[in-house]
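The values are calculated or read from the model by the stated rules, or taken from the named source; none is laboratory data. On a predicted model such as this, the values are computed, not experimentally measured, just so you know. Cβ: placed from backbone, ideal geometry, glycine included. Neighbour counts: every protein chain shown.
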Amino acid sequence: MDSRIEEILYQEKKRQQITIELIASENFASDAVMQLNGSIFTNKYAEGYPGKRYYNGCEHMDEIETLAIDQLKEIYGCGFANVQPHSGANANTAVYNAFLKPGDKLLGMDLSSGGHLTHGAKVAMPGKIYDCETYGVDENGLIDMEEVLSLAIQHKPKMIVAGASAYPRQIDWEGFRQIANEVGAYLLVDMAHYAGLVAGNAYDSPMKHAHFVTSTTHKTLRGPRGGIIMWNEDIFTKKINGSIFPGTQGGPLMNTIAAKAQCFIEANTPEFCEYAKSVVSNAQEMCVVFAERGIKTQTEGTDSHVILIDLSNSRLSGRDAADLLEEKGITVNKNGIPNDPRSFVETSGIRIGTAAETTRGMDKADFNELAHTICDILLDE
């Protein structure tokens, strides 16, 4: 290994070891997942799908990809799955590409209300290709289902997207499907942030409600960085698989697919269920402390790993708070809040997640103490 790379690797390992990790989209993968992600599977090209490859010598690629698909189907109870997407954004893009034409209507969650860039933000590719409308949250920070229905009736989107990047509460998957049915739209659920919690029965599953479910495989699922697509009706299979390859990607990353298979096996255990439930209870414990100490959180609590602290009445911006916490060895990310008075560069919020430190073994008492420490830092300024 080049000495410069070795030094950077060492410093990053050291940073991860000495830092308290509270970024909601990050976690710590197992040694087995990381070993597979850096394994000899990297060396093999395997365009196509199991049994239908464009290259010879793919028998073991077929075995590992089939294992990943089967494990994923078992975890979430889905009929069909594609494990080749390189990311959650790629998974979303592939579903759009399969079922929408340029200019078609898409209805997703507004970025400033907690949605993701790929859910219709004008700065991202889907927002440039499709005619995107967005829904938001009410005065309590909760998804306004009446607004979703009203916008759906008004604009008649071909696809509705449910899911979020910075939304703490349980999302009403059934309510979204009812709205989609009323206007004849497809329902895509992006559960990237909640996938591990769903796998561990700590958050309601969207699988029986959505036409398509996408996710990343890291975050709460605790696997390698990558994406997945799941669905229940075989009539969608050809379009989805064709939209991944050859539609939007070339050869799959077989090393990552092998790591995904290991991740799915780990997620299908009683220990993982305990972890997922602890992730939620730990986040709820932090919210109790924040409320006691006068730190405002969006929706005044959480049903997931996500906590969004509202600093709109503080002299600290989200960027200030994130930098201040990092100086004390705690990493979070600045985050916009609904109706944010500050710019996206500054923001009036910070997003906190409990998955990574739960993986490390922190319990409710630890998170209680950590929440008090965060309050001490933020309220001292």
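Of all residues in the range 312-332 being in contact (Cβ under 8 Å) with a residue 40 or more places away in the chain and among the aliphatic types (A, V, I, L, M), which is nearest to Ala202 (Cα to Cα)?
Applying the filter and picking the extreme gives Val332.
Going by what's in this entry, would Lys260 be described as within 16 Å of the chain's Cα centre (by Cα), assigned by TED's automatic domain parsing to the domain that holds Met61 and in a helix (DSSP H, G or I)?
When the stated conditions are applied, Lys260 passes them.
Does the range 290-304 include one or more residues that are free of Cβ contacts under 8 Å to residues at least 12 places away in the same chain, touching a helix residue (DSSP H, G or I) at 6+ places or on another chain (Cβ under 8 Å) and over 21 Å from Ala164 (Cβ atoms)?
yes
Please go through the range 281-319 and give me each residue that is in a loop (DSSP other than H, G, I, E, B) and farther than 22 Å from Asp144 by Cβ, ordered by number.
Scanning the range 281-319 gives Gly294, Ile295, His305, Leu311, Asn313, Ser314, Arg315, Leu316, Ser317.
Keeping to the range 55-89, report how many residues are in contact (Cβ under 8 Å) with a residue 60 or more places away in the chain and surrounded by 19 or more Cβ atoms within 10 Å (Cβ to Cβ).
17
Name the single residue that is surrounded by the most Cβ atoms within 10 Å (Cβ to Cβ) among those in the range 12-35 being in contact with a helix residue (DSSP H, G or I) (Cβ under 7 Å, 6 or more places away or on another chain) and closer than 9 Å to Ala259 by Cβ.
Here the answer is Val33.
Which residues, taken from the range 177-225, are in contact with a Pro (Cβ under 8 Å, 6 or more places away or on another chain) and under 22 Å from Phe236 (Cβ atoms)?
Once the filter is applied, which keeps residues that are in contact with a Pro (Cβ under 8 Å, 6 or more places away or on another chain) and under 22 Å from Phe236 (Cβ atoms), the range 177-225 yields Val183, Ala185, Val189, Met191, Val198, Val213, Thr214, Thr217.
Name, by its number, the condition in (1) within 17 Å of the chain's Cα centre (by Cα); (2) assigned to a helix (DSSP H, G or I); (3) surrounded by fewer than 24 Cβ atoms within 10 Å (Cβ to Cβ) that does not hold for Thr93.
Evaluating Thr93 over (1) within 17 Å of the chain's Cα centre (by Cα); (2) assigned to a helix (DSSP H, G or I); (3) surrounded by fewer than 24 Cβ atoms within 10 Å (Cβ to Cβ) leaves (3) as the failure.
Being crowded, with 24+ Cβ neighbours inside 10 Å, modelled with pLDDT of 95 or more and over 20 Å from Gln284 (Cα atoms) narrows it down to one of Gly349, Gly318, so name that one.
It is Gly318.
What do you reckon, is Ile337 under 19 Å from the mean Cα position of the chain (by Cα) and in a strand (DSSP E or B)?
no
In the list Phe212, Phe236, which residue meets the criterion of being crowded, with 16+ Cβ neighbours inside 10 Å, touching a Leu at 6+ places or on another chain (Cβ under 7 Å) and touching a residue at least 12 places away in the same chain (Cβ under 8 Å)?
Phe212
Among the residues of the range 106-135, what is the count of those that are surrounded by fewer than 20 Cβ atoms within 10 Å (Cβ to Cβ) and either charged (D, E, K, R) or in contact with a Phe, Trp or Tyr (Cβ under 7 Å, 6 or more places away or on another chain) (or both)?
5
In the range 304-361, what count of residues is obtained for those that are under 18 Å from Ile377 (Cα atoms) and among the charged types (D, E, K, R)?
Going through the range 304-361 one residue at a time, the tally reaches 10.
State all residues of the range 358-372 that are surrounded by fewer than 21 Cβ atoms within 10 Å (Cβ to Cβ) and either farther than 24 Å from Thr220 by Cα or not hydroxyl-bearing (Ser, Thr, Tyr) (or both); if no residue qualifies, say none.
Of everything in the range 358-372, those that are surrounded by fewer than 21 Cβ atoms within 10 Å (Cβ to Cβ) and either farther than 24 Å from Thr220 by Cα or not hydroxyl-bearing (Ser, Thr, Tyr) (or both) turn out to be Arg360, Gly361, Met362, Asp363, Lys364, Ala365, Asp366, Asn368, Glu369, His372.
Considering Lys328, Lys277, which residue is within 19 Å of the chain's Cα centre (by Cα), surrounded by fewer than 20 Cβ atoms within 10 Å (Cβ to Cβ) and not assigned by TED's automatic domain parsing to the domain that holds His209?
After applying the criteria, what remains is Lys277.
Hey, Gly38 hits all of (1) touching a helix residue (DSSP H, G or I) at 6+ places or on another chain (Cβ under 8 Å); (2) more than 16 Å from Leu253 (Cα to Cα) but one; which does it fall short on?
If we test Gly38 against (1) touching a helix residue (DSSP H, G or I) at 6+ places or on another chain (Cβ under 8 Å); (2) more than 16 Å from Leu253 (Cα to Cα), just (2) comes out false.
Just give me the residues in the range 181-197 being surrounded by fewer than 24 Cβ atoms within 10 Å (Cβ to Cβ) and in contact (Cβ under 8 Å) with a residue 12 or more places away in the chain, in sequence order.
Glu182, Val183, Gly184, Ala185, Tyr186, Leu187
Identify, by number, the condition in (1) assigned to a helix (DSSP H, G or I); (2) over 23 Å from the mean Cα position of the chain (by Cα) that Pro157 doesn't meet.
Tallying (1) assigned to a helix (DSSP H, G or I); (2) over 23 Å from the mean Cα position of the chain (by Cα), Pro157 fails exactly one: (1).
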